[in-house]
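Below: the structure, in structure tokens.
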Amino acid sequence: MTVVLSGFMGAGKSTIGRLLAEVLGVPFVDIDQEIELRTGRSIRAIFEEDGEERFRRLEHDVVRSVVAGEVAVVALGGGAIEHAGTRVALEGVVSIHLEVSYEKALQRVQHDPNRPMLLRADLREVYERRQLLYTETAVLSIATDARAPREIVHDLHRWLTSSHLGAPDGGGPTRSN
Ligand code: S3P
């Protein structure tokens, strides 16, 4: 079954997704990269030249086609979850929320010129607004602030290959619904 990783910028979706895909033996798809591949343009250029709304529509089309395709581990962009149609597209997949605090997220990504959302003056509000959407759409939430990607992948792998009835002990994932 396709596993989708969601969460704010800097949550580690791409790093963890790549490792998890390796462990599960399935392809990894990064939605941002897939958008760039399909359009031949960078995320930054799409934001700058066409605006965020157009980016969101493109993002939605790509998410929909990727989750309908072959089994994979998929890393969403941090804002994909804001599109109602994308939330519907996620209903048939295992969606996992990688939690990151606002402070940690900024610490990890603040100098990246390829993240146009960092220019938003209301970024903290955007972060707050998305938290409910991440948890509502996820079957599982896992904290990432103080943990190494490999530890998280280990827990996720254990959870995914178990009966899904309980979370591993001690610092492991917690079900969000
Ligand atoms: C965005 C996050 C980015 C990328 C785009 C918009 C957002 O992905 O999709 O810059 O709205 O939070 P990452 O979460 O992989 O950085």
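Where a number appears in this text, it was derived from the coordinates with a stated rule and is not lab data. Keep in mind the model is a prediction, meaning the values are calculated, not measured. In this analysis, Cβ positions are derived from the backbone assuming ideal geometry, glycine residues included, and neighbour counts consider all displayed protein chains.
Beta bridges assigned by DSSP with both partners in the chain are antiparallel in approximately 5 percent of cases.
When +1 charges are put on Lys and Arg Cβ atoms and -1 charges on Asp and Glu Cβ atoms, the dipole computed for the chain relative to its Cα centre reaches about 160 debye. Dipole magnitude for region 13-89: computed about the Cα centre from +1 point charges on Lys and Arg Cβ and -1 point charges on Asp and Glu Cβ, it is near 160 debye. A viscosity of 1.306 mPa s and a temperature of 10 °C, combined with the Kirkwood radius over C-alpha pairs in the Stokes-Einstein formula, give region 1-153 a diffusion coefficient of 102 µm²/s.
Considering only 73, 121, 24, and ranking their Cα positions along the charge dipole of the chain that arises from unit charges at the beta-carbon of Lys, Arg, Asp and Glu, the one farthest toward the positive end is 24.
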